[in-house]
Amino acid sequence: MLNVPSQAFPAPDSQQRVALGGRSKVPLKPGRSLMDWIRLTKSGKDLTGLKGRLMEVTEEELARHNKKSDCWICIRGLVYNVSPYMEYHPGGEAELMKAAGADGTDLFDQVHRWVNYESMLKECLVGRMALKPTVSPKENCPTISEENRILNGIASKTPVLDNGSKDIIPSYDWFQTDGSITVVIYAKQKDINSEGVIADLQEGKLRGEIIVKDHSYLVHVELSNEVHEEMTVQVSEKVGKVEFVLKKKEALFWKKLGQPLEGHNSFAKCTDRGLHYRKCKLLSKSNVTHDTRLLCLKLPPGTHLKVPVGHHVYLKQTITGTEIVKPYTPVSSSLVSTFKTPSHDDEMHLYFMIKIYPNGLFTPVLDNLQIGDYIFVSNPEGTLIKSQLEDVEDLFLLAGGTGFTPMAKLLNYALTSSSYLRTVKLMFFNKTEDDILWRSQLEQLTCNDERFDVQFILSEPKKGWTGKQGRISSSLLSQFLKRSKFDSKIFICICGPVPFMEQGIQFLQGLGYSCKEVHCFTA
């Protein structure tokens, strides 16, 4: 998800691309779907042109392959011949050509770093970049010194990365009793949010991560001895301390915590950390509409994961031997029932509202999963910050189709947690009445809370529809975006298909709204 980045909207020709993360889909030719690409990679055809040979690629050699018919791109030190993939790329050939003959890691991370390119492009692998012995490799993450690789106490101080991270580099310690091990992270700042703590205890390995502004601190160890699979996570928000309490299986004295794993005791930018997945069990599946399902997943017993309002995760499944990853925003289990008391997330369950596309690759697989099957779920990502909503008086939500999903928990949070809120208005665009998600619950919510109102807009209404119809437009928005008082503080959120977002942002710009008043949900 990407928030609009400056005080004024950019010029119309570039504004939509900035707001939507520099990404838009292009129509693909028939026979160029993701499934068609997977079939091609399984066909045995030589997609690299090297007849199965891998090579070391110098910068000079990489630069020579910069044409559409001969296009090599480097991503994190691996070089791929992407020419065969050109016609299958959802973002179009022009996007790939921006990194032709060069290192495309930064461009890739800006657009879709969550995609498992190693799986998608494994048959296009040319080789690795040749290392330059005279140049020291850049270290993204400071790590513990060699003498402290046995984990027996407080970690040594790590150097400051940059001016933005001074004085906030966390550290950790551990202690034990006869029955437990407690790992403590000292965040070095107050008001640590429990949503910024992500922990997994799996197969004797502890991975504990805390988010400090735009950085991530990680404790990642293979434990010395066996522990039970459950873990207690205690967050002392006011003092900036996080504790992971593990139960020993045997009352043994541990001489050390364990052995360090990848990224242990490192402090890095969140965008450099990479995504971590855990297996979640499918507990239930129900119909929301004729083509949309509500899936309930249960987190593993050793996982602490709270998805912040407006943030998304990635679901991952292996399909015909290729790992496919798609972003989804968790929703509440229900709209109406959750508004009786201030918002409290069910810490062990995640709910996803997913539209099934019969000719798609990913969603039919999700739809065919049986109760008890597993889905891999990533750490959360997103840019919406709750403080953006603190003193908002009028909240306007613009949703197209399943773009409603980030609005569900946002509605919950706003109506139960904001003391300034006067009105919350949702304009919900769909094709037909049958496509409206949670219509009865939304209508019930208007009765339960006088601050809330919803307008349904249909683009292809059936005969007898008496509500508004059409597509997103400047005239519809100008009627909808009415302040509760002349100088009230407003906030507008928009989510939906890319054309819907692009048009909506353009109309909002034309109506004079600044980027500080608008948040775009994208992934």
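Past the 18 Å Cα-Cα mark, which pairs from K431/K463; K298/K386; K67/K98?
Numbers: K431/K463 13 Å; K298/K386 25 Å; K67/K98 11 Å.
Table pairs above 18 Å Cα-Cα are K298/K386.
Ranked by accessible surface with a 1.4 Å probe, highest first, in what order do F507, F429, F175 come? Don't skip to the end; give the middle numbers.
Details: F507 55, F429 15, F175 105 Å².
So the residues, ranked largest to smallest area, are F175, F507, F429.
I need the fraction of alpha carbon pairs in the range 202-287 separated by more than 18 Å, rounded to a whole percent. Each step should come with its number before you reach the end.
Values: 2055 of 3655 pairs.
In whole percent, the share of Cα-Cα pairs in the range 202-287 beyond 18 Å is 56.
For the range 264-404, with every protein chain kept in place, what is the accessible area per residue (1.4 Å probe, Å²)? Walk me through the numbers before you get to the answer.
Numbers: 5450 Å² over 141 residues.
Normalised by residue count, the accessible surface of the range 264-404 is 39 Å².
Quick check: with the 1.4 Å probe, what order do R207, R76, R471, R451 take by accessible area, largest first?
From most exposed to least exposed: R471, R76, R451, R207.
Sort the range 432-485 into rounded, prolate or oblate with this rule: let a ≥ b ≥ c be the square roots of the eigenvalues of the Cα gyration tensor; rounded if a/c is under 1.5, and if a/c is not under 1.5, prolate when a/b is larger than b/c, oblate otherwise.
Working: a/c = 2.57, a/b = 1.12, b/c = 2.30.
The shape class here is oblate.
Of the peptides 473-484, 289-300, how do they stack up when ordered by the mean number of other Cβ atoms within 10 Å, highest first? Provide the component values of the computation, followed by the final result.
Values: 473-484: 14.3, 289-300: 17.8.
The packing order, highest mean first, is 289-300, 473-484.
Which order do the peptides 279-288, 365-374 take when ranked by the mean count of other beta-carbon atoms within 10 Å per residue, highest first? Before the final figure, lay out each step's value.
On the way: 279-288: 14.8, 365-374: 13.1.
In decreasing order of mean packing, 279-288, 365-374 become 279-288, 365-374.
About the Cα centre of the range 233-280, how large is the charge dipole given +1 on each Lys and Arg Cβ and -1 on each Asp and Glu Cβ? Please answer in debye to the nearest 20.
Values: 11 positive and 5 negative charges, 37 e Å.
The calculation lands at about 180 debye.
Over all alpha-carbon pairs in the range 236-348, figure out the percentage whose distance exceeds 21 Å.
On the way: 3768 of 6328 pairs.
More than 21 Å apart: 60 percent of the Cα pairs in the range 236-348.
How much of the accessible area of the range 252-354, probe 1.4 Å, is carbon plus sulfur, in whole percent?
Values: 2160 of 4240 Å².
With neighbouring chains kept in place, the figure for the range 252-354 is 51 percent.
Kindly state, as a whole number, the per residue volume in cubic angstrom of the convex hull around the alpha carbon atoms of the range 344-410. Mind dumping the intermediate values first?
Details: hull volume 9.2 nm³, N = 67.
Taking only Cα atoms, the range 344-410 has a hull volume of 137 Å³ per residue.
Would you calculate the convex hull of the Cα atoms in the range 438-518 and tell me its volume per residue in Å³? Before the final figure, lay out the partial values.
Details: hull volume 10.4 nm³, N = 81.
Output value, Cα hull per residue: 128 Å³.
Roughly how large, in nm² to one decimal, is the mean projection of the convex hull of the alpha-carbon atoms in the range 339-480? Display every interim value, and only then the final one.
On the way: hull surface 45.1 nm².
Result: 11.3 nm².
Give me the percent relative contact order of the range 441-506, please, defined on Cα pairs under 8 angstrom at least 6 residues apart.
20 percent
Cut-off under 12 Å on the C-alpha distance; same-chain residues fewer than 8 positions from K122 excluded. Which aspartates and glutamates are left, in chain and number order?
Those aspartates and glutamates meeting the cut-off are D46, E323.
With an 8 Å cut-off on Cα pairs and a minimum separation of 6 or more residues, tell me the relative contact order of the range 202-313 in percent. Mind showing how you got there, number by number?
On the way: 160 pairs, mean separation 27.1, N = 112.
Here the relative contact order equals 24 percent.
Can you send over the solvent-accessible area of K386, 1.4 Å probe, protein chains only, in Å² to the nearest 10?
Around 60 Å² of this residue is reachable by solvent.
Do any of K205/K279; K213/K326; K247/K269; K355/K409; K190/K516 go past 20 Å between their Cα atoms, and which?
Details: K205/K279 14 Å; K213/K326 25 Å; K247/K269 31 Å; K355/K409 18 Å; K190/K516 26 Å.
In this structure, K213/K326; K247/K269; K190/K516 exceed 20 Å between Cα atoms.
For T423, what charge total do you get from the other residues with a beta carbon under 13 Å from its beta carbon, if Lys and Arg give +1 and Asp and Glu give -1? List each step's numbers first, then the result.
Working: positive: R422, K425, R451, K482, R483, K485, K489; negative: E393, D394, D449, E450, D453.
That works out to +2.
The values are calculated or read from the model by the stated rules, or taken from the named source; none is laboratory data. A quick note: this is a predicted structure, and the numbers were derived from the prediction, not measured. In this analysis, Cβ positions are derived from the backbone assuming ideal geometry, glycine residues included, and neighbour counts consider all displayed protein chains. All accessible areas refer to the heavy atoms of the entire protein, side chains included, with ligands and DNA or RNA removed. Shrake-Rupley method; radii C 1.70, N 1.55, O 1.52, S 1.80 Å.
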